[in-house]
Amino acid sequence: MINQNEKGLGFFEKYLTIWVALCIVIGIAIGQFLPIIPTTLDQFTYANISIPIAILIWFMIYPMMVQVDFASIVRAGKNPKGLAVTTTVNWAIKPFTMFFFAWLFFTVIFANFIPADLAQDYLAGAILLGAAPCTAMVFVWSYLTKGDPGYTLVQVSINNIILLFLFAPIVMFLLGVSHVIVPLDTVIASVVLFILIPLVAGYLSRIYIINKKGQEWFENVYVRSLSKVTMVGLLLTLILLFSFQGEVILNNPFHILLIAIPLIIQTFFIFWVAYGWAKAWKIDHSVAAPGAMIGASNFFELAVAVAIALFGVHSAAALVTVVGVLVEVPLMLLLVKIANDTRHWFPESGRGAL
């Protein structure tokens, strides 16, 4: 299963932070020297959603949803501990600790640097990041830590299904706590547009392609080819975002660092909560490491999409979700190293496999 992992971290994934940095430069340059491009694209909207960016985001999200294997979920009962850790950390702990760290830094510690209204927008972006655990990239982190690919697939599949039902309530609750008011129908529309439709499309196309071409062709050819689509969609989306955000960044470059600090702290905190819990329960490393990676990283594609739908492409909330992309890959590579260096803390891999 998930034979695409055999390649490990691909060229684009390995240098994703560099590509994101280049997208920042290109996007800002377009906004400053070719403003007609973002101005023209900004006119193509429907229900406050940018149609060009929505299309690009579908290119990012669909390849993740097509990997969801509903049939694998029935096998989760063979090792419920790993799944219990992952789901509890992702849905009962992670969204709320992200809210806490973002609130603490943006509104208290950095109060002298970030105006109150801007801090509230930054907090909203962090909430969107914290409410969605990672999906596709986890398969890469699983491979690099010698994780059990079958169980990783189960963890990701179940988290995607939970995402469909809990993302909107958690986001609405935490935005309400932070006094950011958004219409419920807008949140629900975002869930339908960026979770439900790609999930259904992924499921239907997965069944059709496997029936026509077989499981091996689906995993080794189709899914691998989609990874390139995801990266291109991500980079083009970032260029468009930064063409809209250029003025904000040029006026507040220091804010990029300020935004990154609570996101980094949250990443390490959640990793150690999940990883430490797995160690205490004596869960195999092949299950524990990928499980901790799912919570530590974010479904930033979804966060970017919903931030744009709720607050617009020019918003500070959208900027926070993009900074999440910028810091994630180097942080996750560091956590991969930590997980590999501490493999001896766990039982020998094998007993926790599906």
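The values are calculated or read from the model by the stated rules, or taken from the named source; none is laboratory data. Since the structure is predicted, the reported quantities are computational estimates derived from the model, not experimental observations. Backbone-built Cβ (ideal geometry, glycine too); neighbour counts: all protein chains shown. Side chains included, ligands, DNA and RNA excluded: accessible areas come from the protein's heavy atoms. Shrake-Rupley method; radii C 1.70, N 1.55, O 1.52, S 1.80 Å.
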Check: Rounded to the nearest 500, what is the chain's calculated 222 nm mean residue ellipticity when only DSSP H runs of at least 4 contribute -39500 (n - 2.57) each, over all residues?
Finding: -22500 deg cm²/dmol
Check: H255: accessible area at probe 1.4 Å, nearest 10 Å²?
Finding: 10 Å²
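Excluding ligands, DNA and RNA, what is the solvent-accessible area per residue of region 262-305 at a probe of 1.4 Å, expressed in Å²?
Using a 1.4 Å probe on heavy atoms only, each residue of region 262-305 averages 24 Å².
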Next item on the list: Springs between alpha-carbon atoms under 10 Å, Gaussian network over the chain: tell me which of A288, A131, A54 tops the mean-square fluctuations.
Entry: A54
Notebook entry, point to check: To the nearest whole percent, what portion of all C-alpha pairs in region 161-271 is separated by more than 16 angstrom?
Noted result: 78 percent
Next item on the list: State the three equivalent ellipsoid semi-axes of region 77-210, derived from the C-alpha gyration tensor as the square roots of 5 times its eigenvalues, in descending order and whole Å.
Entry: 31, 19, 13
Note to self: Beyond a 23 Å Cα-Cα separation, which of these cross-linked pairs lie in this structure: K94/K279; K228/K337; K146/K279?
What the structure shows: K228/K337
Next item on the list: Could you check how much of the accessible area of the chain is carbon and sulfur, as a whole percent, using a 1.4 Å probe?
Entry: 70 percent
Margin query: Under the 0.36 nm per residue contour assumption, what length would be gained going from the current alpha-carbon distance of W217 and H344 to full extension?
Written below: 42.1 nm
Notebook entry, point to check: Hey, could you pull the Cα Rg and Dmax for region 108-177, both in Å?
Noted result: 16.5, 48
Notebook entry, point to check: Using a 1.4 angstrom probe and counting only protein chains, how large is the accessible area of I197 in Å², to 10?
Noted result: 90 Å²
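Can you work out the accessible area per residue across region 96-241, with the rest of the protein chains kept in place, probe 1.4 Å, in square angstrom?
Solvent-accessible surface per residue comes out at 40 Å².
Ordering W91, W58, W141 by accessible area with a probe of 1.4 Å, largest first, what comes out?
Highest to lowest solvent-accessible surface, that is W58, W91, W141.
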Note to self: Suppose every Lys and Arg Cβ carries +1 and every Asp and Glu Cβ carries -1, with no other charges. What dipole size does region 213-354 come out with about its Cα centre, to the nearest 20 debye?
What the structure shows: 260 debye
Notebook entry, point to check: Based on the Kirkwood radius over alpha-carbon pairs, what value in µm²/s does the Stokes-Einstein equation return for the translational diffusion coefficient of region 238-347 at 20 °C and 1.002 mPa s?
Noted result: 140 µm²/s
Checklist line | Normalised contact order of the chain, rounded percent, pairs of Cα under 8 Å and 6 or more residues apart | finding: 35 percent
Next item on the list: With a length cut of 15 Å (Cα positions projected on each helix's long axis) and a Kyte-Doolittle mean of at least -0.5, go through the chain and give me the DSSP H helices that pass.
Entry: 16-33, 51-65, 116-130, 149-177, 197-213, 223-251, 254-280, 285-296, 300-311, 316-341
Item checked: In nm, spacing of pseudo-spin labels at T45 and Y208 (7 Å Cα→C-beta vector) -> 3.3 nm
Note to self: Could you identify which residue out of T145, T86, T39 has the top mean-square fluctuation in a GNM of the chain using Cα springs shorter than 10 Å?
What the structure shows: T39
Notebook entry, point to check: In what sequence, largest accessible area first, do I61, I209, I93 appear using a 1.4 Å probe?
Noted result: I93, I209, I61
Next item on the list: Please arrange K212, K94 by accessible surface area, largest first, computed with a 1.4 Å probe and ligands excluded.
Entry: K212, K94
Margin query: Pick from G233, G291, G125 the residue whose mean-square fluctuation is largest in a GNM of the chain, springs joining Cα atoms under 10 Å.
Written below: G233
